[in-house]
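The values are calculated or read from the model by the stated rules, or taken from the named source; none is laboratory data. Quick caveat, the model's predicted, so the values are computed rather than measured. A quick note on method: Cβ atoms are made from the backbone with ideal geometry, for glycine too, and the neighbour counts reach across all protein chains shown.
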Amino acid sequence: MSAAVDFETQVQPILTKQCLGCHREGNSLGNVRLDSKAALMQKALVIAGKPEQSVLYQVLELPPGKPKAMPPGRQLAKEDRDVIRQWIAEGAIWPEGRVLTMSSSPAPAKAAPAKDERELVKQLHARILANTKEKTEADMKPYKVTIPNSEATFEMVPIPGGEFVMGTPESEAGRKPDEGPQRKVKISPFWMGKYEVTWDEYRLFMFSQLAKEDINKDPLVDAISRPTRPYVEMSFGMGINGYPAISMTQHAANKFAEWVSAKTGHFYRLPTEAEWEYACRAGTTTAYSFGDDPSQLGEYAWYADNSEGKYQKVGTKKPNPWGLHDMHGNVMEWTLDQYDPSGYQGLSDVDPWRVSTEPYPQSVRGGSWMDPASSLRCGARVGSDPSWKQQDPQLPKSIWYHTDAQGLGLRLVRPLRVPSAEEMYKYWNSGVEHEP
């Protein structure tokens, strides 16, 4: 016979982390609260001793995508569903007077110390060099990768090296002072993600069991820092399969790039701000990659006028001239650069990168599903802000999640030249947040 379920150590963490993001006092989605015994017993959400007749257990058992399935877009692990079932079967014991809040769960145990980061990067550098064949720009072709031990794939598009004028002319409609002065810069060749990174890929990084890493042990992969478990369902009900991953910090995006590099044996990172704008313009000099007329934007982008209040599946709008989808809209995209509101003074003319020295602000590009057309221009910029974590109840606030930035995502690049181990370290540890 199974041991009796303990509410505080087994049930409370599940309800707090998986349900209270939407179902608590002050945020009772669908007028359903799961933060107190009185709220739980209403509307037959729980019928003590009868899990199969309890609405809470019924919705947890529904397959993802079914109406009323909870949590939205995915399903709890079987062991968590079994805990809820057993708890209800045993009488749904709830401590008298206990009201759950977003900070109710015990603090997670500290992870074992990781390898020294520089030593880890040296070993990853050796792995990548051993797996990389010498190439010239003429050899660069589009390619598709399957992340090992999963069905998740991503596609990379070659971006030719060249020169372009970074920034926007003062005559451009919607231009802001931080978009200049215009300057000609030279960019080395690289590959860029054809699409924004989706939850299919990013959730493998968040949850190691989905990538079967408990079965397929890899010491270098295991040593990479991974996100703490989120306290809310991070797609916010907008969709998982084929939809863009959102609300990660720049630090999390950098660690994802490091993890993908370890998994695949090729070097990936975030784009610099110059690389991002160069790829977005795709040889054009207009406000958008298709011209200056925002009335055409709906053919190329999801934004405030057509998104219906949520992000959409990647790749469902027309690509830019270099074959990149959703460079305008859907979700904003992280870059490596520190955001400077004064613009581009002091940047190098060759592969410029404003290296971060502070956690905020960092540069974000592309505009999102919630933004107006002017924010989706090739030269439009946004600086990250601590307010993007306003609802985070944790103290200190997480270095992994920007829960209030639900229009924020990422896209990866792979430079043709494999950088040195020290350069890799700087790319993957740029702008790491250290918050009080």
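Being in contact with a Lys or Arg (Cβ under 7 Å, 6 or more places away or on another chain), charged (D, E, K, R), more than 21 Å from L210 (Cβ to Cβ) and surrounded by fewer than 17 Cβ atoms within 10 Å (Cβ to Cβ), is that true of even one residue in segment 288-296?
Of all residues in segment 288-296, those in contact with a Lys or Arg (Cβ under 7 Å, 6 or more places away or on another chain) come to 288-289.
The next check asks that each one be charged (D, E, K, R); those that pass are none.
No, there is no match, as no residue in segment 288-296 is in contact with a Lys or Arg (Cβ under 7 Å, 6 or more places away or on another chain), charged (D, E, K, R), more than 21 Å from L210 (Cβ to Cβ) and surrounded by fewer than 17 Cβ atoms within 10 Å (Cβ to Cβ).
Within segment 273-313, can you find the residues that are polar (S, T, N, Q) and touching a His at 6+ places or on another chain (Cβ under 8 Å)? Reasoning before the result, please.
Of all residues in segment 273-313, those polar (S, T, N, Q) come to 284-286, 289, 295-296, 306-307, 312.
The one that is polar (S, T, N, Q) and touching a His at 6+ places or on another chain (Cβ under 8 Å): S289.
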For segment 374-401, name all the residues that are in contact with a strand residue (DSSP E or B) (Cβ under 8 Å, 6 or more places away or on another chain), farther than 25 Å from E155 by Cβ and either in a helix (DSSP H, G or I) or outside the structural domain of Q312 (by TED's automatic domain parsing) (or both).
S375, W388, K389
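Suppose the filter is within 20 Å of G283 (Cα to Cα) and either part of a loop (DSSP other than H, G, I, E, B) or among the aromatic types (F, W, Y) (or both); does R175 pass it?
Details: within 20 Å of G283 (Cα to Cα): yes; either part of a loop (DSSP other than H, G, I, E, B) or among the aromatic types (F, W, Y) (or both): yes.
Judged against the criteria, R175 is a match.
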For segment 264-285, state whether one or more residues are of a type outside the set (K, R), surrounded by fewer than 23 Cβ atoms within 10 Å (Cβ to Cβ), outside any loop (DSSP other than H, G, I, E, B) and out of contact with any Ser or Thr (no Cβ under 6 Å at 6 or more places or on another chain).
yes
Please give the number of the condition K317 fails out of (1) on the phi > 0 side of the Ramachandran plot; (2) out of contact with any strand residue (DSSP E or B) (no Cβ under 7 Å at 6 or more places or on another chain).
(1)
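What residue, among those in segment 192-209 that are polar (S, T, N, Q) and in a helix (DSSP H, G or I), is nearest to the chain's Cα centre (by Cα)? Don't jump to the end; show me each part of the working.
Filtering segment 192-209 down to residues polar (S, T, N, Q) leaves 198, 208-209.
Applying the additional criterion that residues be in a helix (DSSP H, G or I) yields 208-209.
On the way: S208: 16, Q209: 18 Å.
Of everything passing the filter in segment 192-209, S208 is nearest to the chain's Cα centre (by Cα).
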Q296 meets each of (1) farther than 18 Å from G431 by Cα; (2) assigned to a loop (DSSP other than H, G, I, E, B) with one exception, condition (2)
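Among D404, D371, which is the only one that is within 16 Å of F236 (Cβ to Cβ) and in a loop (DSSP other than H, G, I, E, B)?
On the way: D371 fails: within 16 Å of F236 (Cβ to Cβ).
Testing whether each residue is within 16 Å of F236 (Cβ to Cβ) and in a loop (DSSP other than H, G, I, E, B) leaves just D404.
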List every residue pair whose Cβ atoms sit under 6 Å apart, with the two residues 6 or more apart in sequence or on different chains, where the first one lies in segment 196-221 and is in the same structural domain as H251 (by TED's automatic domain parsing) and the second, anywhere, is basic (K, R) and in a loop (DSSP other than H, G, I, E, B).
E196/R411
